[in-house]
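K.L.:
Have a look at this one.
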Amino acid sequence: VFVSVVDIDENTIENGRRRSIASGLEVSYWIGDASTLNDLRNVDDVEDLSFKNADIVVALHACGVLTDVALGHATCMNASFVICPCCFCSYPYLFVSALKQNEKSYKSERMQAPEWLDIHSSDLNQLRKLCEIQGDRSLALEAIHSLCALRLNAVSKRHISSLSSTPLVNLNLSLKMFPEKFSSRNICMVGELSHARDPDPI
């Protein structure tokens, strides 16, 4: 297993690096903007960029549009994912890298969150505010579920496995919750890739 961590904050990267060394874990740490994956600096001067073809994308408490950024990378990499969203109003200016299909092929393009989610920006802003509403946990959860559903719908339309006319894998999407004692932000979006079953012979 090869693990790569990307974060824009040098202190966070250094703390993680120290902990992984103390635990005897082999982890590659990169400092830079996760929304582009360009101009990243490896803290150990490693030049291997194989993480750009990851098998799984994991983001814990990905603030605001960073959740969409992580999902976009998963769609382009044909990767499984586990994403735990957080702070829904943060980083609205970030761009999401996602696949766009034309008549003959598809390519990666950068787009803002409303286009990625196929929703008007004013409606998205209102939904984000409802996700952060205080004093009404039930309403906030309904809003969070709605936003997560929009995100998973975006993945289902843009993931490589969905765009292929003869998919070799199936993409199974789900929303899961873990115990709130660990975090009040306890909803995860999960995308699991599995090999497509060969059609039954006629």
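The values are calculated or read from the model by the stated rules, or taken from the named source; none is laboratory data. Worth saying up front: this structure is predicted, and the values here are computed from it rather than measured. Don't worry about glycine lacking a Cβ; one is built from the backbone with ideal geometry, like all the others, and counts go over all protein chains shown. Ligands, DNA and RNA are excluded from the accessible area calculation, which covers all protein heavy atoms including side chains. Shrake-Rupley method; radii C 1.70, N 1.55, O 1.52, S 1.80 Å.
K.L.:
First check a/c for the range 1-94, with a ≥ b ≥ c the square roots of the eigenvalues of its C-alpha gyration tensor; if it is under 1.5, answer rounded, and if not, answer prolate when a/b is larger than b/c or oblate otherwise.
P.N.:
The shape class here is prolate.
K.L.:
Taking 8 Å as the Cα distance limit and 6 or more residues as the minimum spacing, I'd like the relative contact order of the chain as a percentage.
P.N.:
Once divided by the residue count of the chain, the mean separation gives 15 percent.
K.L.:
Also: Considering only protein heavy atoms, what per residue accessible area in square angstrom results for the chain with a 1.4 angstrom probe?
P.N.:
Result: 59 Å² of accessible area for each residue.
K.L.:
Once amide H atoms are built 1.01 Å from N in the peptide plane, which residues 5 or more positions from Val5, or in another chain, come under 5 Å H to H?
P.N.:
Ser28, Tyr29, Trp30
K.L.:
So between Asn153 and Ile56, what do we pick up on full extension, going 0.36 nm a residue minus the alpha carbon distance?
P.N.:
33.1 nm
K.L.:
Could I get the Rg over Rh figure for the range 94-155? Both from C-alpha atoms, Rh via Kirkwood, rounded to two places.
P.N.:
1.10
K.L.:
Mind checking the full-extension length gain between Ser121 and Asn186? Use 0.36 nm per residue of separation minus the Cα-Cα distance, one decimal, nm.
P.N.:
Gain on extension, Ser121 to Asn186, equals 20.8 nm.
K.L.:
Cβ under 9 Å from Trp116's Cβ, Trp116 left aside: what net charge do those residues give with Lys, Arg +1 and Asp, Glu -1?
P.N.:
-1
K.L.:
Tell me the label-point distance for the pair Leu175, Ile21, using the 7 Å Cα-to-Cβ offset, in nm and rounded to one decimal.
P.N.:
4.2 nm
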